[in-house]
Each structure stands twice: as structure tokens, then as C-alpha cells.
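Q: Provided herewith is a single structure, encoded as C-alpha cells, for subsequent inquiry.
The values are calculated or read from the model by the stated rules, or taken from the named source; none is laboratory data. As the structure is a computational prediction, the values presented were derived from the model and not from experiment. Ideal geometry is used to build each Cβ from the backbone, glycine not excepted, and the neighbour counts take in all protein chains shown.
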């Protein structure tokens, strides 16, 4: 992103944060960043990773499109949601392993892996080259 685009995204994050009645510290705590990082993001001095952008989107109850002023991209939203689901199932599987519930751990890890595979296939289909249909003749 250019500096102007970073500033625009940061300004929008600040607007949404203020609409929610949050201080920079509140948003920082909700997303696991420092208050100074949030301040730098809001003025366009710090670039955002996708992980941090998604965390901010979730914390503010917004969408990536609303924050970045880009048209809705359903495949990107699907990828974000499946990533969050995969992470949740992986965490549940880890807790099951720690409590010696092997059957649940294997089942949950399988679900997490399946979600990841499905997401990857979906992204390949939506972003990859369009396959040519062979002639029927």
C-alpha cells in the first residue's frame, strides 16, 4: 500500500474505533498489539499484516471492505472465516490432547485439516487460471 492508502485505512480504523467508544488502548488489548502500534496504524506510519487487519476487523465488528474501502470479495471473507475456524479446531484439538482425550483430539484435528484443505482448494479455484473445456468433437 502507498502511504496515502495506509493513512486512509488507518483513519477508517480510528473512526470505527471511536464509533465503538474505544480508546486506542482498548483496541490494542482486543487485538494483541501495543497502543503505540495502533496509534501508528491509525496515522499510516505502520503497515498492517493480514493477520492484524483481520484481528482489527473482528474486534471492531467490521469488514475488510469497509475498512479498506474496497469492493466486497466474498472469496476473501470465506478464506478469513475458514482460517478462523481452522485455528479454533486446532486449539480445541490441542486442549483435547492435553486432557488425554485422544479420540476427540484426532477428530478435531481432522476437522481443522479438512477446513484448511477445502479453503486452499477454494482459493485455487477462485484465483487460479480458468481451465479450458475440451472439445466434445
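Q: Being assigned to a helix (DSSP H, G or I), at negative phi, in the same structural domain as residue 122 (by TED's automatic domain parsing) and in contact (Cβ under 8 Å) with a residue 40 or more places away in the chain: is that true of residue 78 here?
A: yes
Q: Return yes when residue 59 is modelled with pLDDT of 80 or more, under 27 Å from residue 17 (Cα atoms) and surrounded by 13 or more Cβ atoms within 10 Å (Cβ to Cβ) and no when it is not.
A: In short, yes.
Q: For the stretch 19-30, how many residues meet the condition of being part of a helix (DSSP H, G or I) and exposed (fewer than 13 other Cβ atoms within 10 Å of the Cβ)? Outline the logic, then answer.
A: Taking the stretch 19-30 and keeping what is part of a helix (DSSP H, G or I), we get 19, 24-30.
Narrowing further to those that are exposed (fewer than 13 other Cβ atoms within 10 Å of the Cβ): 19, 25.
The qualifying residues number 2.
Q: Name the residue, out of 48, 92, 33, that is part of a helix (DSSP H, G or I) and under 20 Å from the mean Cα position of the chain (by Cα).
A: 92
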